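Read through the structure below, which is laid out as structure tokens, and then see the notes.
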Amino acid sequence: MSSPNFLSSLIREPLSVRIAVLSGGLAALWVLLFTAKPIVGVLILLIGLYFFFSTHLRFGLYLLVAVGFFHGWEIIFGQYPWAKDIPFLPSVNAPVGDLLALLLLVALVPALCMQLTSWPKVRRIFPGFAWYAAFVCSAFVSLSVMFDHNLGTGAYHIVRWIIFSYAAFVCIPCAIIGEKETLERIIRIMVWVGVGTSLFGLLSIILVPHHGEWFWVVPYAIHGIAPFGYNHNLIAEPLVAIYPLALYVWLTAKHPAEKQWYGCGVVLIFLTALLTFSRAAWIGIMLQSSLALAWYSTPLKAWVKAHWRTVLPLTVVLSMVALYMGFFLTSSVVRSSTSWRIDATKIVGFYTLRSPLFGYGPGSYLDVFGQTGLFRLEYGDPLDAHGFMQKVLLEQGLVGLVCFVGFLGWVLWQLWQTRKNAHGVIYDMMFLSVLGAIVFQLFNTSYFNANMWLPIGIALAARNLYRYGIQEKSDNR
């Protein structure tokens, strides 16, 4: 079965010609935006992008993978004078990846309506649908006990985060990836994103002033744009998910020069993830590395023996980093962070006992904590839950947590069975990528964006390639 493409018969020109024509059209529309009524220009632009992505779904997916992890790169329409005359648009702000995913979803709808003609096709495009639908239903039921009766906030949270994350970052890859060639390209794009992210992060040691005695990798802004926000965990998240994929391209590289360069990429991503000083990244990276060593000990031992001159200085560097990490774990910074997490978890337990089944409603975490005076007195304004367990338990209760953990368990089980039966490096590393992404979100706050869901969607698409044998070529470029 080929990837969905319902307008491909209308366009037969080479891709380069089509992109050139589109670029010329966009340039003309850019003039139109500032010389005619802005709403007319916006509508024409959206229609043009809709038709482009409808005929180039794979190209759209490549772009989504390239920018999806830059969650801090937001477009705030309210800051543009031309947007103020368009209803509702000034109030819209979202990451570039989310806006691109929304365009792809709209472009996919007609194609999906024509292709969802059998249950296997539905299962392929909506993996784990029963578990996730149960989770969504539990969220709607939780609206009945919404904290402060703020139904608008709860409904928005369900649509914007719970439903959109699954549809945009799981269903889109599963619908578009129809052959291994597409999957391989996506993996390489992700690896290059990881290398670029690592270089970007390492430059922070030089460019960003550090206060205090500790130096680590942190995200920063370029001309007012902070692609990863300003928290060190946000730059570690994509690296944990990408690290196993870098291992994959290194292990499977045929040409010696290519293998050497990808090996440098693996080391760069590994070291940068450690130097973020994100303890969630340390746990994820170490777990992934331990499993990879257990599965591929023989070829890795042979490589180390053949390249011991390279391994020796690398071992010295890793030992120094490990020593630095050890001192950091005993610092007051870590003790304060640990105390914050323990107290936040205790408060979640306190409130859960008072509304155990369906919690306090979707998106209510900050509102509930805002009413906890002792917490605010000790730690200031509350932040979102550092872990999806606390988040879902407080907002949707035990029912929601069981459904959500059930879905993630189903994902890991499917990927484990695939790697067990397929005996391919790609399936091993896809499992490790998703495992690392999920483990990371046990301690962090990106449980409903591309940082966790895009690796899950790509891995499930790889599982579909094995399970359903989708290998046909398509014109969907």
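Taken together, the values in this text are just the output of simple stated rules run on the coordinates, not laboratory data. Keep in mind that this is a model prediction, so the values were computed, not measured. Virtual Cβ from ideal backbone geometry, glycine too; neighbours counted across all protein chains shown.
Which lysines, if any, have their Cα less than 26 Å from the Cα of K84, not counting same-chain residues under 8 positions apart?
The reachable lysines, counting only those whose Cα sits under 26 Å from K84, are K37.
Fewest Cβ neighbours within 10 Å first, please rank F350, F277 accordingly.
Least crowded to most crowded, the residues run F350, F277.
Could you please tell me the mean projected area of the C-alpha convex hull for the stretch 361-446, averaged over all directions and given in square nanometres to one decimal?
Orientation-averaged projected area of the Cα hull: 6.3 nm².
Take peptides 412-422, 175-185, 243-253 and line them up by average Cβ neighbours within 10 Å, highest first, as a rough protection proxy.
243-253, 175-185, 412-422
Could you pull out every residue, at least 5 positions away or on a different chain, whose amide H is within less than 5 Å of the one on G72? Hs are placed 1.01 Å off N in the peptide plane, and Pro or chain starts have none.
Counting only residues 5 or more places away or on other chains, the set is F228, G229.
What is the packing order of peptides 278-287, 387-396, taking the mean over residues of other C-beta atoms within 10 Å and listing the highest first?
Output ranking for 278-287, 387-396: 387-396, 278-287.
Can you work out ³J(HN,Hα) from phi for every residue in the stretch 148-164, in order, using Karplus 6.51 cos²θ - 1.76 cosθ + 1.60 and θ = phi - 60°, giving whole Hz and x for Gly and Pro?
Residue by residue, the stretch 148-164 yields 6, 6, 8, 5, x, 5, x, 5, 4, 4, 4, 6, 6, 10, 5, 6, 4 Hz.
Could you give the distance between the Cα centres of the stretch 137-206 and the stretch 404-472, to the whole Å?
Centre-to-centre distance over Cα atoms comes out at 13 Å.
Mind listing the long-range amide H neighbours of Y360? Cut-off is under 5 Å, sequence gap 5 or more, other chains count too, H placed in the peptide plane at 1.01 Å from N.
Here the answer is E395, Q396, G397, since their amide H atoms fall under 5 Å of that of Y360.
For each of H423, H157, H232, H223, count neighbouring Cβ atoms within 10 Å of the residue's Cβ, then give the residues from fewest to most.
Ranking H423, H157, H232, H223 by Cβ neighbours within 10 Å, fewest first, gives H223, H423, H232, H157.
In sequence order, what are the phi-derived ³J(HN,Hα) couplings for the stretch 363-374 according to the Karplus relation 6.51 cos²θ - 1.76 cosθ + 1.60 with θ = phi - 60°, rounded to whole Hz, with x for glycine and proline?
Going residue by residue, I get x, 9, 4, 5, 5, 5, 5, x, 8, 9, x, 4 Hz, with x marking Gly and Pro.
Beyond a 19 Å Cα-Cα separation, which of these cross-linked pairs lie in this structure: K180/K301; K254/K420; K259/K301?
From K180/K301; K254/K420; K259/K301, over 19 Å: K180/K301; K254/K420.
Show the residues, 5+ positions off or on another chain, whose built amide H is closer than 5 Å to the amide H of F277.
V217
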